[in-house]
1. For L144, L105, L21, what ranking results if the residue with the fewest other Cβ atoms within 10 Å of its Cβ goes first?
2. Mind putting a number on the dipole of the chain about its Cα centre? Charges go on the C-beta only, +1 for Lys and Arg and -1 for Asp and Glu, and I need it in Debye to the nearest 20.
3. So if I place +1 on the C-beta of Lys and Arg and -1 on the C-beta of Asp and Glu, and nothing else carries charge, what would the dipole magnitude of region 258-316 be about its Cα centre? I want it in debye, nearest 20.
4. Once the convex hull of the C-alpha atoms of region 258-316 is built, how many Å³ does it hold per residue, rounded to a whole number?
5. Hey, in the GNM for the chain with a 10 angstrom Cα cutoff, which one of S162, S115, S146 fluctuates hardest?
6. Just to confirm my numbers, what's the Cα centroid distance between region 81-143 and region 258-297 in Å?
7. Any idea what % of Cα-Cα pairs in the chain are farther than 25 Å?
8. Please work out whether region 105-146 counts as rounded, prolate or oblate from its C-alpha gyration tensor, where a ≥ b ≥ c are the square roots of the eigenvalues and a/c under 1.5 means rounded, while otherwise a/b larger than b/c means prolate and anything else oblate?
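The numbers here are math on the coordinates, done by the rules we state, and not lab data. Everything numeric here is computed off the predicted structure, so don't read it as measured data. Glycine gets a Cβ as well: all are built from the backbone with ideal geometry, and neighbour counts include every protein chain shown.
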Amino acid sequence: MKLQLVSLIFLAVSASAHSWLECVDTHVSNLEAAKANPELEVQQTCKGYPRNKVNNGDWIQESKTYLWDLNNDSLNPDGLACRPSQTNNYPSGVPMTTAKPGQTLRLRHWGNGHSRYDMGSPLNKDPGVVRLYHRGMKEAEIRLKSELTEQNWVKGAQANFSANAVIQITGNKMNEKANYFDWTVPTNFENGRHMMVWAWGWGSAVTSNPPNFNPTTDYNNALMNSWTTCFDIMVEGSSATGSDSRSSPSSAGSHAPATSICSSKKCNRGGMAANSCTGSDCPPCWYAAGEKYNCFDYKDGKCPFGGAYDCKKNLQARGATRFERTPFE
Ligand SMILES: *[C@@H]1O[C@H](CO)[C@@H](O)[C@H](O)[C@H]1NC(C)=O
Ligand SMILES: *[C@@H]1O[C@H](CO)[C@@H](O)[C@H](O)[C@H]1NC(C)=O
């Protein structure tokens with residue numbers, strides 16, 4: 001209770017948005033009751049943790065030293081998917097998760113004031129999605145944020161950031177007591193350790209979802225990952241053998257629409273309509289502008305404004321900061 005109060009005060013003075021994964025295997029004994037009556041204290045225990053959670057339960061320490069801001073180039077110059085301290089290490093008291101295929105894990109992340117469009121900070125921003133990535137086999141590591149692609153997304157492992165949350169509202173303030181994301185370990189995960197990346201897709205991406213996009217089953221291309229936490233699952237009791245867990249028929253051959261934007265769409269060079277070009281003849285940094293695109297050359301080796309899709313690296317660049325505008329959006 002004390003910690004919650006401290007975290008609310010901290011939130012009030014902290015302008016930066018963030019979230020991280022707190023627990024991989026959460027057991028909540030009164031979820032429905034707490035959702036119906038958010039005054040109640042949520043009764044929960046954690047049976048499996050993210051990597052190297054040395055300050056477990058210390059919200060302030062973790063918000064300073066545990067979360068990972070993917071797109072801040074000065075904090076993450078090498079473009080890593082995991083905070084370097086999040087190695088495959090589980091100190092005593094904060095063990096790795098053990099699970100069977102078909103078992104549903106309840107992952108818990110922090111809402112931190114971002115669970116609602118009409119409240120919190122910043123106001124009128126979509127809470128976005130949480131989702132999971134995996135290299136498709138055991139003992140394989142996702143190292144770079146450029147690997148957090150649709151191809152390495154665990155099909156179906158995506159949920160609204162705040163669809164399953166206990167949120168207490170007092171006046172115009174919210175206290176997000178717990179945000180959950182239920183995920184069932186796929187049956188094609190074989191026995192052994194599986195490295196996973198939890199990501200909060202919160203930034204707006206340049207790419208858009210296909211017209212028949214189904215938010216419950218399809219990868220959300222319109223959101224760019226902003227924050228990640230890495231964890232492992234020791235899978236036991238599986239009868240799957242060695243196959244690539246990503247190769248399901250529906251994911252084969254599906255690429256982020258960005259790839260097709262980069263090769264076939266028209267864009268306005270330097271933002272000038274009189275200066276249009278097509279696909280790979282254009283400068284590398286693309287920005288959405290309604291139905292159109294503007295494209296620019298690198299400046300000092302980087303895309304000049306936040307929120308670009310870098311067609312040369314095939315990568316969503318960092319998001320626009322509060323003080324920059326995404327050009328022409
Ligand atoms: C990136 O991180 C640095 C160091 O913490 C901070 O000073 C800066 O404001 C951050 N930049 C953005 C765009 O958030
Ligand atoms: C998440 O849910 C909220 C509340 O229903 C909604 O406003 C928002 O658009 C949803 N976001 C996504 C990405 O599905």
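1. Values: L144 13, L105 18, L21 28.
If I rank by nearby Cβ atoms, fewest first, I get L144, L105, L21.
2. The calculated dipole for the chain is roughly 280 debye.
3. The calculation lands at about 20 debye.
4. 72 Å³
5. S146
6. Measuring centre to centre over Cα atoms gives 34 Å.
7. It works out to 53 percent of all Cα pairs.
8. prolate
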